[in-house]
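Data block below; observations after.
Values in this text are rule-based calculations from the coordinates and carry no lab data. All of these numbers come straight from a predicted model, not from anything done at the bench. Using ideal geometry, Cβ is built from the backbone for each residue, glycine included, and neighbour counts are taken over all protein chains shown.
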Protein chains: 2
Amino acid sequence: MKINKHFLDLQDSYLFSTIAKKALAHIADNPDANVLRLGIGDVTRPLPKVAVDAMTAAVADMGSASTFRGYGPEQGYPFVREAVQKYYAAKGVELTADEIYVGDGAKSDIGNILELFDRDNNIIIPDPVYPAYVDANIMAGRTVHYVNGDEGNGFLPMPDSVGVKPDIIYICSPNNPTGSVYTREQLKAWVDFALENNAIILFDSAYECFISDKSLPSSIFEIEGARKCAVEIATLSKMAGFTGVRCGYTIIPHELEFEGQNIGKMWMRRQATKFNGISYIVQKGAEAVLTPEGLAQCRENIAVYMENAKTIATTMADLGIWHVGGDNAPYIWLKCPQGLSSWDFFDKLLSEAHIVGTPGAGFGVKGEGYFRLSAFNSKENVLEAMKRIKEIL
Amino acid sequence: MKINKHFLDLQDSYLFSTIAKKALAHIADNPDANVLRLGIGDVTRPLPKVAVDAMTAAVADMGSASTFRGYGPEQGYPFVREAVQKYYAAKGVELTADEIYVGDGAKSDIGNILELFDRDNNIIIPDPVYPAYVDANIMAGRTVHYVNGDEGNGFLPMPDSVGVKPDIIYICSPNNPTGSVYTREQLKAWVDFALENNAIILFDSAYECFISDKSLPSSIFEIEGARKCAVEIATLSKMAGFTGVRCGYTIIPHELEFEGQNIGKMWMRRQATKFNGISYIVQKGAEAVLTPEGLAQCRENIAVYMENAKTIATTMADLGIWHVGGDNAPYIWLKCPQGLSSWDFFDKLLSEAHIVGTPGAGFGVKGEGYFRLSAFNSKENVLEAMKRIKEIL
């Protein structure tokens, strides 16, 4: 049996394991230090009450003969898809419920959807970005072309930096790790570029719920023409604190066709063959957080994180440190002070301030010299961390 | 953008949708008939109480700041993997917890694991069998070679019927749809054959919990040599009634290597890139059903289904109808009486006895002329169905 040799082209990712190891060693050497973690991209606040109530009731349903549910639809129960439909309608995006495909999270869908596409396509991926995009393509033997983020473009690369005929274009806005958000005009340029080149956009909207500036688009489908060139991959992970509950959804407009094939139908066929839907219990939780009451509870959690983000961004501004993000995203992306490399700044923060952050170099070549701070923590911890950073810089 | 044209090689599967349409039409024409469904491969009894209790507590954990859990390990929490480890130890199979990979179900893992293997491998699949094996390979552009089940081999094809150099061998035992189970000696022949040919066995053990004859193997790892050639894909769907809860696991022994690459490490890399683990809530339910108390509750449900299976098999024997399965599996695979085709017998059962079954032709070419009856129903319904079948035949 022959293995898929493209796996040998993957670079081992030691980013988070190295961070964990260094943090543990530091704790061992400094047992009395209160180490603060601003490195993680994971929520810290408990689930909204509506989700707890709905999932408790759903578990009870499963324990009773009259309400028990076995296999559900691979695409997700209509009650969840209709809840997503309403969530989008409220931001002015009209979808039909059968354009929405419920899954176990954005990471799964954004990786698995590549199966619908020929290996011989040119892949366009921003740098720096969420590392799973690159790895999923390398595994399949695809060639990745990068578009570079930098201070000049505010870490929002535009189509003019694409040097090849594009086929598959990844866009993550608000961006992980930089927190930058494309404007409507910028996204329109990407949509036009995709349409001109018969390319598909894979739009990762994982952080859309943090957009407070209503002039910024929180869905690619707010942009004219996107229904003919884009898929949107979304999640309740950050919006509703579902990172450990697992629920996302992918939107594929009916119009989306390439080479005469309907992408939604292809995805349905893929999912029906290799997926059996997500837990009924989780789907009831998802339905609940998308009600007006649920959304209000989600917004309370989001407000705490965004106050933290503001605190961090303000501190960077006070210190004269170049940064983006933090206003419409839970991440602040900063230039390492004193010309330090990403890892040198990591070591300095850890050893001098007992703070764990994330080296920008872990998100791509263009991340070197930059650093990500996350707002996912308590208000008290973030205030204390900012105090310490001011003291050491 | 170029699509994956192998999707065009897939045949549209109308099996279950055609069954549903015909059943609905029959109900419309016969509004007073009590239509009995013996076609589904889905459990009907509610979850064991231990699972309900554990998941209720887990939901509460997620609603409280001190017990909230965000992202879990992609491989599954150690508490579930250790519970699976003990479940296998009880049947004499020693595993380490890190050889166990928790996922959202067998269908996902059995499809996704193909990504680890080169496209240019010879795939060996039994006919008839669960249709997802074939479709997952066709989608990836692989060539499938069939080994045929028939009355002569009791629908348990053996290695001597493989006509090509094998690379990837699917085994489903107890088999879906036939309910046949390989003996220890037969499985040993497959393991030896795989080792001789440097092939990998993908062993689907979805129905292992229905094996009552303790001389039959319920895991491929009961067979000497299997740790060097096999992956086992298992699920709590049928064992614990988790079809709507979603939890399975895949076992990859440390020794499993091809071309110098460790298959477990490759799978971990695949999962870490395209998967984020399953719901903490579901994992707590899985842990609970694998305790001694949970297993006892599962066995109560299984006993009901197996009593139904016995009722069906006995009826077929009384009627002189050739059949297999039903003794160590929840399916009875029978030869359609009166020389009828699979679909003609379906129509006869539906129109004359108001019973919905599954035409064997839906599971492969060699299923034509055969029929699957399922034990997943209430005792009363199965008794009534058998009474009706006796009346019409």
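Some notes on this structure:
- Binning the alpha carbon pair distances of the range B:278-369 at 10 angstrom intervals from zero yields the distribution 15, 34, 24, 18, 9, 0, expressed in whole percent.
- Comment: the Cα-to-Cβ extended label point of B:Ile392, at 7 Å, lies 7.7 nm from its counterparts in the other copies, nearest first.
- Highest mean packing first, where packing is the average number of other Cβ atoms within 10 Å per residue, the peptides A:100-109, B:35-44 line up as A:100-109, B:35-44.
- For the range A:125-272, diffusion coefficient by Stokes-Einstein and Kirkwood Rh (Cα), 25 °C, 0.890 mPa s, µm²/s: 154 µm²/s
- Taking amide hydrogens as placed 1.01 Å from N in the peptide plane, the amide H of B:Asp204 sits under 5 Å from those of B:Ile171, B:Cys172, B:Ser173, B:Ile233, each at least 5 positions away in sequence or on another chain.
- Burial order of peptide ranges A:302-310, A:126-134 (average beta-carbon count within 10 Å, highest first): A:126-134, A:302-310
- Evaluated with a Cβ-only charge set (Lys, Arg +1; Asp, Glu -1), the protein assembly as shown carries a dipole of roughly 740 debye about its Cα centre, given to the nearest 20.
- Integer Hz, Karplus 6.51/-1.76/1.60 couplings in order for the range B:149-160, x for Gly and Pro: x, 7, 5, x, 9, x, 6, 10, x, 10, x, 5
- A:Glu352 paired with A:Lys387, simple spin-label distance in nm, labels 7 Å along Cα-to-beta-carbon: 1.9 nm
- Residue mean of other protein chain beta carbons inside 10 Å, B:52-62: 6
- Projecting 7 Å from Cα along the Cα-to-Cβ direction, the label point of B:Asn34 sits 6.9 nm from its equivalents in the other copies, listed shortest first.
- Debye log10 I(q)/I(0) at q = 0.14, 0.17, 0.18, 0.24 Å⁻¹ for the range A:189-304, Cα point scatterers: -0.71, -0.97, -1.05, -1.33
- Taking 10 °C and 1.306 mPa s as conditions, the range A:327-393 diffuses translationally at an estimated 130 µm²/s according to Stokes-Einstein applied to its Kirkwood radius (Cα pairs).
- Modelled label positions at A:Asn34 and B:Ala65, each set 7 Å beyond Cα in the direction of Cβ, lie 1.4 nm from each other.
- Simple rule: put +1 on each Lys or Arg Cβ and -1 on each Asp or Glu Cβ in the range A:140-222, find the dipole, and look at A:Leu216, A:Thr178, A:Gly141; the Cα lying farthest toward the positive end is A:Gly141.
- According to the Cα-based calculation, Rg over Rh for the protein assembly as shown is 0.98, with Rh computed by the Kirkwood formula.
- Inter-site label distance for A:Arg184 and A:Leu319 at 7 Å from Cα along Cβ, in nm: 3.6 nm
- Across the identical copies, how the A:Ala89 labels are spaced - nm, sorted shortest first, 7 Å along Cα→Cβ: 5.5
- Evaluated over the Cα positions of the range B:251-320, the convex hull gives a direction-averaged projected area, one quarter of its surface, of 9.1 nm².
- For the range A:1-65: rounded, prolate or oblate by the Cα gyration tensor [a/c cutoff 1.5]: oblate
- Peptides B:84-93, B:24-33, B:234-243, ordered by how many other C-beta atoms sit within 10 Å of their residues on average, highest first, read B:234-243, B:84-93, B:24-33.
- Gyration tensor (alpha-carbon) shape descriptor, the range A:222-286, a/c threshold 1.5: oblate
- Dimensionless Rg ratio for the range B:1-135, taking C-alpha atoms and the 2.2 N^0.38 Å reference: 1.53
- Extended-chain gain in nm, criterion 0.36 nm per residue less alpha-carbon gap, A:Asn198 and A:Gln261: 21.3 nm
- For the range A:3-9, 3J(HN,Hα) per residue [Karplus equation, 6.51 cos²θ - 1.76 cosθ + 1.60, θ = phi - 60°, Hz, x = Gly/Pro]: 7, 6, 6, 5, 4, 6, 7
- Shielding by partners for peptide B:111-122, expressed as the average number of C-beta atoms from other protein chains within 10 Å of each residue's C-beta, is 4.
- Semi-axis lengths, Å, the range A:76-184, gyration tensor of Cα atoms, sqrt of 5 times eigenvalues: 27, 19, 12
- Distance between the range A:349-392 and the range A:85-154 - C-alpha centres, whole angstrom: 27 Å
- Across chain B, Cα-Cα distances exceeding 30 Å account for 42% of all pairs.
- Counts of other chain beta carbons within 10 angstrom of each beta carbon in peptide B:280-287 average 3.
- Percent RCO, i.e. relative contact order, over chain A, from Cα pairs under 8 Å lying at least 6 residues apart: 23 percent
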